[in-house]
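Participant: Could you have a look at this structure, given as structure tokens, before my questions?
The values are calculated or read from the model by the stated rules, or taken from the named source; none is laboratory data. All values derive from a computational prediction rather than experimental measurement. Cβ: placed from backbone, ideal geometry, glycine included. Neighbour counts: every protein chain shown. With ligands, DNA and RNA removed, areas are computed over all heavy atoms of the protein, side chains included. Shrake-Rupley method; radii C 1.70, N 1.55, O 1.52, S 1.80 Å.
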Amino acid sequence: MRVVIVYKWARDPGAAAVRADGSVDWRGAKMAAGEDDPAALAAAQRIATASGGELVGLTLGSGDASWALARGVQTACSVTDAPALADNAATAAIIAAAVRHIGDVDVVVIGDAKQDPGVAVAVAGHLRWPALVAVTSATAEDGQVLATRRTPEGTTTVRLGTPVVVGVAAEADVDRVPGMKELLAARKRPLTTLTLAQVGATVGDVESRGSELPPPRATHVFEGSPEQVAGQLVAALRAEGVL
Amino acid sequence: MSATTDDRTTRGTAGPMGGVWIVVADEAWPAALEVARASGGTVTAAVVGPQPLADAVAAAGVPVVWVEPARDTPAEAYAVNLAAQVAAASPDLLVSTGGPAARTLLGAAAAAAGASLVPGVLAVTDGPRWTVRRAVLGGEAIETLTAPAPLALILAADEAADRPAATGVAPGTVAKADTAAAEMVVAGTQPAPPASGIVDARTVVSFGRGVHAKADVALVERLAQALGAEVGCSMPVADDLGWLDRSRYVGRSGQHISPRLYLAVGISGAPQHLEGVRGAKVLAAINNDPKARIFRRADYGAVGDLYEVVPALIAALQQ
Ligand SMILES: Cc1cc2nc3c(=O)[nH]c(=O)nc-3n(C[C@H](O)[C@H](O)[C@H](O)COP(=O)(O)OP(=O)(O)OC[C@H]3O[C@@H](n4cnc5c(N)ncnc54)[C@H](O)[C@@H]3O)c2cc1C
């Protein structure tokens with residue numbers, strides 16, 4: 001199977017700070033792969049290996065695209081002028097256009113991110129392919145994808161025909177930091193740069209009017225001697241009626 | 001009986017915008033209906049699931065296009081073909097909750113309708129363009145966006161609503177749609193391991209890496225005993241340290257619990273951890289770092305060394 005692993009290389013939202021006026025300060029946030037991307041890559045690698053197929057990396061933006069190349073992916077493409085968008089369908093349309101540009105793709109594996117839960121599903125929508133998201137691991141067997149996910153009933157395995165989009169949600173931090181040898185090898189691997197015009201995508205029309213702080217929470221934080229804070233906490237919890 | 005097709009058309013043209021659809025695949029749908037109705041348009045539902053689900057949505061006064069999944073076929077298998085039917089109605093607004101199947105149906109419909117798609121949504125209002133308020137950075141800020149129709153929305157994960165009262169509204173019609181499935185079949189299910197006591201407990205005391213040695217778990221257990229609580233933990237305590245069974249860790253990939261009181265001891269409050277306790281009535285925390293993230297989400301916090309605060313707390317509880 002020809003498998004595309006879509007990964008994100010963007011400022012780490014976990015390190016962004018919200019200022020007192022509610023605006024978001026991204027200055028301290030380093031570039032990082034998406035939280036779910038290591039788990040998605042592991043699933044994509046298993047599907048490619050089990051089906052004797054090939055794996056192609058795909059990312060958006062102008063940042064360093066070598067994250068996947070340093071983790072065993074042989075070739076990668078980047079749509080370098082794709083901006084970060086609030087519109088998940090517009091992001092997905094760019095990814096779908098790039099997948100079509102790559103051509104003959106059987107499986108798209110993509111991180112099913114909590115912050116952007118509409119991207120994986122809309123990639124499938126734009127390709128008119130079926131999708132399964134919230135997948136925790138996947139492999140291939142007899143020309144089909146076997147995807148596993150947790151449901152209230154237990155751990156369910158779903159057999160998927162191709163082409164298909166698989167959205168992987170990480171259960172833990174499974175990233176494996178590459179060694180110097182892999183980093184050097186990554187530099188020699190081919191990275192194709194594409195543009196929005198080349199893949200035939202646009203960026204949509206959702207406009208931000210800025211952000212604000214959420215309504216203040218009634219948090220009571222007690223400080224003082226251990227006995228004082230313990231006494232205050234017990235009194236507060238008694239008043240709440242939860243003791 | 002008023003929720004006929006004719007009635008829908010009349011109300012649709014009278015409203016500020018027509019064609020609002022909710023996409024339903026699980027029990028969380030009332031939140032989608034609430035946001036969709038507040039948008040001002042007339043609501044239709046696309047439901048993939050068992051008949052009681054379709055009937056429940058219809059009972060809220062919403063006309064339903066219903067797909068009954070074949071045995072062992074996930075709802076997602078119908079996404080592509082159902083999307084074509086929804087798009088044919090030229091919706092202005094599409095709304096779903098965040099469950100995997102519901103948003104897969106929504107993503108397909110949004111793409112088929114040529115809609116923008118905004119996640120994390122708290123509310124939407126109409127106007128020359130839709131105005132959307134949504135949670136960003138895990139709810140630490142609220143962003144306002146505007147977008148033209150058609151627009152698709154995925155609600156913020158903790159948006160929940162009660163089932164609207166079915167009294168006084170005429171039920172919507174349920175039209176069964178003949179929709180072909182994609183190649184997708186459940187090959188097997190391994191039952192979940194037996195639930196730990198924390199799942200139904202009224203009170204849970206949970207600890208994290210702030211507890212420095214395995215021997216000190218006894219201290220947390222004494223506190224739990226004083227509170228009549230079950231003991232839970234953060235993921236690293238179970239996964240990396242192995243001090244408690246994996247069935248006792250709380251969070252995105254662990255247990256999702258709704259106790260009346262959740263007391264977090266030496267837990268930093270990572271978003272992945274807090275995802276497991278969204279349903280807690282009261283969240284309290286003990287941490288020696290006054291800047292710990294957990295204090296931003298807790299109702300009550302005690303700043304201090306847990307090795308001093310926990311014994312003092314046990315003493316205070318026994319008074
Ligand atoms: C994809 C993914 C999924 C994840 N899923 C989960 C999940 O389901 N559940 C989960 O829990 N985590 C999960 N995590 C991990 C999560 O990101 C955090 O790393 C983890 O929750 C941190 O655990 P902790 O709070 O025990 O430890 P730490 O973050 O190390 O926090 C320890 C805290 O103890 C305090 N402390 C230290 N000493 C004392 C003292 N003497 N007295 C009082 N306080 C003290 C510190 O100030 C600190 O705040 C996941 C991560 C990823 C990437």
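Participant: From the list B:GLU308, B:GLU221, pick out the single residue that is open to solvent by 60 Å² or more (accessible area, probe 1.4 Å), facing another protein chain (nearest Cβ under 8 Å) and modelled with pLDDT of 95 or more. Steps first, please.
Facilitator: On the way: B:GLU221 fails: facing another protein chain (nearest Cβ under 8 Å).
That would be B:GLU308, the only listed residue that is open to solvent by 60 Å² or more (accessible area, probe 1.4 Å), facing another protein chain (nearest Cβ under 8 Å) and modelled with pLDDT of 95 or more.
Participant: Look at B:SER234 and say whether it is open to solvent by less than 40 Å² (accessible area, probe 1.4 Å), away from the ligand (no atom under 11 Å from the Cβ), within 14 Å of chain A (Cβ to nearest Cβ) and of a type outside the set (A, V, I, L, M, F, W, C).
Facilitator: On the way: open to solvent by less than 40 Å² (accessible area, probe 1.4 Å): yes; away from the ligand (no atom under 11 Å from the Cβ): no; within 14 Å of chain A (Cβ to nearest Cβ): yes; of a type outside the set (A, V, I, L, M, F, W, C): yes.
No.
Participant: Return the only residue of B:GLU183, B:GLU159 being open to solvent by 50 Å² or more (accessible area, probe 1.4 Å), closer than 30 Å to B:VAL47 by Cα and in contact with a helix residue (DSSP H, G or I) (Cβ under 7 Å, 6 or more places away or on another chain). Full working, then the answer.
Facilitator: Numbers: B:GLU183 fails: in contact with a helix residue (DSSP H, G or I) (Cβ under 7 Å, 6 or more places away or on another chain).
So the residue among B:GLU183, B:GLU159 that is open to solvent by 50 Å² or more (accessible area, probe 1.4 Å), closer than 30 Å to B:VAL47 by Cα and in contact with a helix residue (DSSP H, G or I) (Cβ under 7 Å, 6 or more places away or on another chain) is B:GLU159.
Participant: Can you tell me which residue is most open to solvent (accessible area, probe 1.4 Å) among those in the range A:49-74 that are β-branched (Val, Ile, Thr) and not in a strand (DSSP E or B)? Don't jump to the end; show me each part of the working.
Facilitator: Just the residues of the range A:49-74 that are β-branched (Val, Ile, Thr), to begin with: A:49, A:56, A:59, A:73.
Next cut, not in a strand (DSSP E or B) only: A:49, A:73.
Details: A:THR49: 109, A:VAL73: 0 Å².
Ranking the candidates gives A:THR49 first.
Participant: Please work out which residue is surrounded by the fewest Cβ atoms within 10 Å (Cβ to Cβ), limiting yourself to the range B:35-58 and to residues that are touching a Gly at 6+ places or on another chain (Cβ under 8 Å) and in a helix (DSSP H, G or I).
Facilitator: To start, the set of residues in the range B:35-58 that are touching a Gly at 6+ places or on another chain (Cβ under 8 Å) comprises B:40-42, B:44-45, B:57-58.
Restricting the remaining residues to those that are in a helix (DSSP H, G or I) gives B:57-58.
Numbers: B:VAL57: 29, B:ALA58: 22.
Checked the range B:35-58; the qualifying residue surrounded by the fewest Cβ atoms within 10 Å (Cβ to Cβ) is B:ALA58.
Participant: Give B:ASP26, B:ASP6 a once-over and let me know the one that is at pLDDT 95 or above and among the acidic types (Asp, Glu). Steps first, please.
Facilitator: Numbers: B:ASP6 fails: at pLDDT 95 or above.
When all the criteria are applied, what remains is B:ASP26.
Participant: Residues being near the ligand (Cβ under 9 Å from one of its atoms) and open to solvent by less than 50 Å² (accessible area, probe 1.4 Å): count how many of those fall in the range B:260-284.
Facilitator: At the first step, the residues of the range B:260-284 found to be near the ligand (Cβ under 9 Å from one of its atoms) are B:264-276.
From what's left, open to solvent by less than 50 Å² (accessible area, probe 1.4 Å): B:264-267, B:269-270, B:273-276.
So the count comes out to 10.
Participant: Having 1 or more residues that are within 11 Å of another protein chain (Cβ to nearest Cβ) and on the phi > 0 side of the Ramachandran plot is the bar; report the strands (runs of 3 or more DSSP E) wholly within the range A:136-243 that clear it. Working first, answer last.
Facilitator: Details: elements: A:137-141, A:144-151, A:154-160, A:164-168, A:191-194, A:207-212, A:220-222.
Hits in the range A:136-243: A:154-160, A:207-212.
Participant: Could you list, in sequence order, all residues of the range A:18-39 that are within 14 Å of chain B (Cβ to nearest Cβ), out of contact with any Leu (no Cβ under 9 Å at 6 or more places or on another chain) and part of a strand (DSSP E or B)?
Facilitator: Selection gives A:ASP25 alone.
Participant: Further question on the same structure: So which of B:ALA84, B:ALA111 is under 16 Å from A:ALA92 (Cβ atoms), within 10 Å of another protein chain (Cβ to nearest Cβ) and more than 22 Å from the chain's Cα centre (by Cα)?
Facilitator: Working: B:ALA84 fails: under 16 Å from A:ALA92 (Cβ atoms).
Among B:ALA84, B:ALA111, only B:ALA111 is under 16 Å from A:ALA92 (Cβ atoms), within 10 Å of another protein chain (Cβ to nearest Cβ) and more than 22 Å from the chain's Cα centre (by Cα).
Participant: Name every residue in the range B:150-190 that is farther than 17 Å from B:PRO69 by Cα, within 11 Å of chain A (Cβ to nearest Cβ) and in a loop (DSSP other than H, G, I, E, B), in order of residue number. Spell out the reasoning first.
Facilitator: Quick first cut of the range B:150-190, residues farther than 17 Å from B:PRO69 by Cα only: B:150-173, B:189-190.
From what's left, within 11 Å of chain A (Cβ to nearest Cβ): B:150-157, B:189-190.
Correct list: B:PRO150, B:ALA156, B:ALA157.
Participant: Another one. Answer yes if at least one residue in the range A:128-149 is open to solvent by 50 Å² or more (accessible area, probe 1.4 Å) and within 16 Å of the ligand (Cβ to nearest atom), and no otherwise.
Facilitator: No, the range A:128-149 contains no residue that is open to solvent by 50 Å² or more (accessible area, probe 1.4 Å) and within 16 Å of the ligand (Cβ to nearest atom).
Participant: Next question. Considering only the range B:200-217, state which residues are assigned to a helix (DSSP H, G or I) and open to solvent by 50 Å² or more (accessible area, probe 1.4 Å).
Facilitator: To start, the set of residues in the range B:200-217 that are assigned to a helix (DSSP H, G or I) comprises B:214-217.
Across the range B:200-217, the qualifying residues are B:LYS214, B:ALA215.
Participant: Considering only the range B:241-259, I want to know if a residue exists there that is within 11 Å of the ligand (Cβ to nearest atom), farther than 19 Å from B:TYR300 by Cα, assigned to a helix (DSSP H, G or I) and among the small types (Gly, Ala, Ser).
Facilitator: No - not one qualifying residue is present in the range B:241-259.
Participant: Between a residue in the range B:248-259 that is within 12 Å of chain A (Cβ to nearest Cβ) and within 13 Å of B:ALA280 (Cβ to Cβ) and any residue that is more than 6 Å from the ligand (Cβ to nearest atom) and of a type in the set (Val, Ile, Thr), which pairs come within a Cβ distance under 7 Å, given they are 6 or more apart or on different chains?
Facilitator: The qualifying pairs are B:GLN255/B:ILE198; B:GLN255/B:VAL199; B:PRO259/B:THR203; B:PRO259/B:VAL204.
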